[in-house]
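Read-outs throughout are calculated quantities, based only on the coordinates presented, and are distinct from any laboratory measurement. Not measured: the values here are computed from a predicted model. Neighbour counts run over all protein chains shown; Cβ positions are idealised from the backbone, glycine included.
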Amino acid sequence: MFHLTPTPTRRRAWFSTIGAFALLLALPGVAGAETISVTDAVSRAGLPNRPMAAYMEISNSGGDEDRLIAADSPDFKAIELHSVEEQDGVFKMHPVDAIAIPANGKAVLAQGGLHLMLFGAGRDLPAGESFPVTLTFEKAGAVEISVAVTARGKQSGHGHGDGHSHGHSGHSD
């Protein structure tokens, strides 16, 4: 006859199995979104039908490097990760596949360097408004942020607001 009465040994084995399973479920979150924080997320008010740029500081408190690999917003048709580099004295903007966020470090997305390009605004975004963006990281996964819209000509909060377009080919940044 089969007895369902748990013995102390069976109870320990059962709880050990459940505990190990719970730990496995929790592991993906260990290096997850709680290691990534975003501050100073801003974008300047754009001109109608013109791309906009977004800037921010992304910090990684985790012990492993992470990479920003995508961004999305319901308020834009597309968001691309971009960089500005000097080539023969000319600043040129180009898309990048990812932006590295060093372990226990940060990446600064600012005018004249790394930034997000926002294409096809689905609504008017004047100064004082904000819009949601989902940043997707290779390890941390999705991180939801709010980007504040500032008046054109205002600094991005990173001290890089020199008023030059830095090769953005007419993009409003």
Between the modelled labels at D124 and S37 (7 Å from Cα along Cα→Cβ) the distance in nm is 3.7
Spelling it out for R44: with amide H atoms placed in the peptide plane at 1.01 Å from N, the residues 5 or more places away or on another chain with amide H under 5 Å from its amide H are A53, T150
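Round to the nearest 0.05 the FRET efficiency obtained for A148 and D88 when R0 = 35 Å and r is the Cβ-Cβ distance.
On the way: r = 36 Å, r/R0 = 1.02.
So the FRET efficiency works out to roughly 0.45.
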Relative contact order of the range 39-164 (C-alpha contacts under 8 Å, at least 6 apart) in percent is 34
Pseudo-spin-label distance A103 to D64, built 7 Å along Cα→Cβ, given in nm, is 1.0
The answer for F76, listing residues at least 5 apart or on another chain whose modeled amide H is closer than 5 Å to its amide H, is G122
